[in-house]
Amino acid sequence: MSYHLNDRYSVRKHLLIKLEIFKNRWKKAVREDQCWIDPFQQRADQSITLVGNKVYKHK
């Protein structure tokens, strides 16, 4: 049983390391790409409502 838990821990640790690498690469790419705009960034004076698959923005 402990053999499986050890394998599970190793896989999880490896995946968390890979996730951190991906997040760091993503942040770097966003900083360096002058044309990229976050389509999900919302202004402070807006709220968003999701109904089904439609997004409604409110001021």
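Key figures for this structure:
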| quantity | calculated |
| --- | --- |
| Unmet criterion (only one of (1) exposed (fewer than 10 other Cβ atoms within 10 Å of the Cβ); (2) at pLDDT below 75) for residue 37 | (2) |
| Residues of region 9-38 classified as under 15 Å from the mean Cα position of the chain (by Cα) and not in a loop (DSSP other than H, G, I, E, B), total | 16 |
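The values are calculated or read from the model by the stated rules, or taken from the named source; none is laboratory data. Not measured: the values here are computed from a predicted model. Backbone-built Cβ (ideal geometry, glycine too); neighbour counts: all protein chains shown.
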